[in-house]
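Notes to accompany the following structure.
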Amino acid sequence: MSRWQPDARGRLEKAALDLYSERGYEQTTAAQIAERAGLTERTFFRHYADKREVLFGGSQALEQAFVDTLADIPHVAAPIDAMATTLETVAAFFLERHEHSRQRQAVIVANAELRERELIKLASLSAALAATLRHRGVKDPAATLTAEAGITVFKVGFERWVADNGDRPLADFLRESLDELKVVTGGG
């Protein structure tokens, strides 16, 4: 094992996903992840609190991207239009990440503890978006409804995207999901 190689976090993430896919989440240890990445277990724990966090390490960055994007949209935009623009913009973070996202989603779906953690992440994201909308002057319940609708559109669109072959970008699936929401609510 060499003393130092770049991108330890990225290597740990890839090793974890590969091992979770091969052996299952429950059967994989942090030590095995570190070994597969060519790192020590101590290095693993410098980057992640536990083996679950390898899958959720980017949650804060994603939440910040959502919040910053929504906050920067002109206040004259209707709340749902601001949310649609936010979804479209954030979808760019997933370009070239279809296979990674597909693999990550398969691991999460296969484990109840990880599904619960994913739901907590989405609830936190919704709360942050609702707070951002309120800061933009949107009153409740409109702020909460818009945030929840946005997260639902993201979740449904994301699930459809990872189930697809990867030829189309996530943004297409998010637009389609938002259009479907508008149809079922009588707004489109």
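Please treat every number below as a calculation from the coordinates, not as lab data. Every value quoted in this text rests on a predicted model; they were computed, and no experiment measured them. Neighbour counts run over all protein chains shown; Cβ positions are idealised from the backbone, glycine included.
Show which lysines lie in cross-link reach of residue 14 when reach means a straight Cα distance below 20 angstrom and same-chain residues fewer than eight apart are skipped. Correct list for residue 14: 51.
Rounded to the nearest 500, what is the chain's calculated 222 nm mean residue ellipticity when only DSSP H runs of at least 4 contribute -39500 (n - 2.57) each, over all residues? Show your work: numbers first, answer last.
Numbers: 10 runs with 135 residues, N = 188.
Calculated mean residue ellipticity at 222 nm is -23000 deg cm²/dmol.
Helix 142-163: angle to the longest alpha-carbon principal axis of the chain, degrees 0 to 90, nearest 10? Roughly 50 degrees between the two axes.
Summary: within the chain, the longest segment free of GluC sites (Glu not before Pro) located in DSSP loops with at most 13 other C-beta atoms within 10 Å is 97-188. Principal semi-axes of the equivalent ellipsoid, √(5λ) from the alpha carbon gyration tensor of region 58-184, are 24, 16, 13 Å from largest down.
Here residue 182 is the anchor, and the lysines within straight C-alpha reach of less than 19 Å, apart from those fewer than 8 places off in the same chain, are 155.
Rounded to the nearest 10 degrees, the inclination of helix 79-91 to the longest alpha-carbon principal axis of the chain is 30 degrees.
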